[in-house]
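The values are calculated or read from the model by the stated rules, or taken from the named source; none is laboratory data. If you're wondering where the values come from, they're calculated on a predicted model, not measured in any experiment. Reconstructed Cβ throughout: ideal geometry from the backbone, glycine too, with neighbour counts over all protein chains shown. Calculation scope for accessible area: heavy atoms of the full protein, side chains included, ligands and nucleic acids excluded. Shrake-Rupley method; radii C 1.70, N 1.55, O 1.52, S 1.80 Å.
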Amino acid sequence: GKLLATGAGEPSRSGEIKIWDVSTAKLVMEMKDPHSDSVFGLQFSPDGKQLASCAADKMVKVFDVESGKEIRKFEGHTHHVLDVAWKPDGKQVVSAGADNVLKVWDMGTGEQVRTIGGHNKQVTSLKFQGNTINVVSCGGDAQVKMYNAVNGGNIRNFAPTPPSPGDFLYCLSLPKDGTIIAAGGQESVIRIWGANDGQLKRQIMPPAGPPTGQAKAN
């Protein structure tokens, strides 16, 4: 929790990764040309010594935090890579792409282990469930899904309560114990499910508009 990494870049021209000291808010490192296009996702390894990144250049990369040196480069997505997550043991990295799939990469060999399909649109966000081998993803198809990262099997799907069809999902999060899943997207609703039973626990709706006849403040 001592460092913060941010990603950005100029579309189709350059990617940018900066590492900051949280306590002082000072810039610790600016990596030189880490990607050739905008950076969409970052995550520190479980031991904090490495940083995984993904970008619009279709690449997934891993850098040494202390030196900024590139350690691994994973190539295989056919569209923008939108998020990345570390397996809790630090031996594998999983990425999510606008090519509608998740890919599992081996840190030891640098090779692609498997491709996981199931989403019908972009996979926008993914997180591991606590210290398990289960990875949770969400996407533009309004679906939240849980997969076994070892064999690629679909464990469980999390759907909004009918009649709401849901809408394009952008992000999800799980607490450290992995007991619940929260996801949100274009319709401004945050839904919370039980991770182990798939049941919808709560829907946090968008703020109500101004009273009838009252102009909205600028």
Taking N as the number of residues in the chain, the ratio of its alpha carbon radius of gyration to 2.2 N^0.38 Å works out to 1.07
Note: residue 32 to residue 208 extended length (0.36 nm per residue) minus current alpha-carbon separation gives 58.8 nm
Which FRET efficiency value, to the nearest 0.05, is calculated for residue 78 and residue 113 with the Förster distance at 22 angstrom and r the Cβ-Cβ distance? 0.80
From the protein chains alone at 1.4 Å, what is the descending order of accessible area for 116, 133, largest first? 133, 116
Lysines near residue 145 by alpha-carbon distance under 19 Å, same-chain residues fewer than 8 away left out - which ones? 87, 103, 121, 127, 176, 201
Computed FRET value (nearest 0.05) for residue 168 with residue 24, which takes r as the C-beta separation and R₀ as 35 Å: 0.40
3J(HN,Hα) from dihedral phi, the range 109-120, Karplus parametrisation 6.51/-1.76/1.60, rounded to Hz, x for glycine, proline: 9, x, 9, 6, 8, 6, 10, 10, x, x, 7, 9
Amide H to amide H under 5 Å from residue 58: which residues, 5+ apart in sequence or cross-chain, H placed 1.01 Å off N in plane? 81
12 Å beta-carbon shell around residue 134, net charge (K/R +1, D/E -1): +4
Quick one: which residues, 5 or more positions from residue 130 or on another chain, have an amide H under 5 Å from its amide H? H modelled 1.01 Å from N in the peptide plane, none for Pro or chain starts. 178
Any chance you could look up the accessible area of residue 70 with a 1.4 Å probe, heavy atoms only, rounded to 10 Å²? 80 Å²
Considering the chain as a Gaussian network with a 10 Å cut-off on Cα pairs, which listed residue, 34, 165, 207, attains the greatest mean-square fluctuation? 207
Below 19 Å, Cα to Cα, which aspartates and glutamates can residue 58 reach? Residues fewer than 8 away in the same chain don't count. 10, 16, 33, 37, 70, 75, 83, 99, 106, 111
Mind checking which aspartates and glutamates have their Cα closer than 16 Å to the Cα of residue 26? Skip sequence neighbours fewer than 8 apart in that chain. 66
In Å, the Kirkwood hydrodynamic radius from C-alpha pairs for the range 3-118 sits at 14.0 Å
With a 10 Å cut-off between alpha carbons and a GNM built on the chain, which of 195, 96, 52 moves the most? 195
Build a GNM of the chain with springs between Cα atoms under 10 Å: which of 182, 56, 208 gets the top mean-square fluctuation? 208
Calculate the spin-label point distance for residue 45 paired with residue 157, positioning each point 7 Å from the Cα along the beta-carbon direction, and give it in nanometres. 3.6 nm
How big is the range 69-118 by the Kirkwood estimate over distinct Cα pairs, in Å? 11.1 Å
